[in-house]
Amino acid sequence: MQVKFKSNKAEVLARTEKATREALNIVGDQVVGWAQDLAPVDTGNMKSSLDHQAESNDTEIVGTSNGKAPYKDVEYAIYVELGTHRTHAQPFLRPAIEGNQSTIRQIIEDTFADAFK
């Protein structure tokens, strides 16, 4: 008796890549929103400049300062987040991620579940 199998590897890989990209973008949008809610405000430039992008290999999200008009890149955000020897830390990014881990996990699970329905 001979059994033949059809490989669905290409379709599974394509759906996995699409779901990964989609999940990264949804999570990135959410984290930016949460971070903006937590960010300290002086002029509002830092809060308004927060953004994200998926890296080219689609396996990680990188926080960015978007530099969109009228805002310029805000290079001091790291010093606000971590503090310096002169100023205390005012974390906004780490708490946005750490305080929402279950929601982030659920977004990823739902995105992959939808991709393989």
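Checked against the criteria, residue 7 counts as among the hydroxyl-bearing types (Ser, Thr, Tyr), surrounded by fewer than 18 Cβ atoms within 10 Å (Cβ to Cβ), modelled with pLDDT of 85 or more and not in a helix (DSSP H, G or I). Residue 22 passes every criterion in (1) surrounded by 12 or more Cβ atoms within 10 Å (Cβ to Cβ); (2) at pLDDT below 90 apart from (2).
Within the stretch 34-49, is there a residue that is in a helix (DSSP H, G or I), at pLDDT 95 or above and closer than 25 Å to residue 114 by Cβ? Within the stretch 34-49 (the criterion being in a helix (DSSP H, G or I), at pLDDT 95 or above and closer than 25 Å to residue 114 by Cβ), the answer is yes, since at least one residue qualifies. Considering only residues in the stretch 76-111 that are in a helix (DSSP H, G or I), touching an Asp or Glu at 6+ places or on another chain (Cβ under 9 Å) and in contact (Cβ under 8 Å) with a residue 24 or more places away in the chain, the one that is surrounded by the most Cβ atoms within 10 Å (Cβ to Cβ) turns out to be 96. Considering the stretch 1-32, the residues that are free of Cβ contacts under 8 Å to residues at least 60 places away in the same chain and of a type in the set (Asp, Glu) include one that is nearest to residue 112 (Cα to Cα), namely 17. Here residue 73 fulfils each of the conditions (1) closer than 20 Å to residue 41 by Cβ; (2) modelled with pLDDT of 95 or more; (3) surrounded by fewer than 16 Cβ atoms within 10 Å (Cβ to Cβ) apart from (2).
The values are calculated or read from the model by the stated rules, or taken from the named source; none is laboratory data. Note that the structure is a prediction, hence the values are computed from the model and not measured. Reconstructed Cβ throughout: ideal geometry from the backbone, glycine too, with neighbour counts over all protein chains shown.
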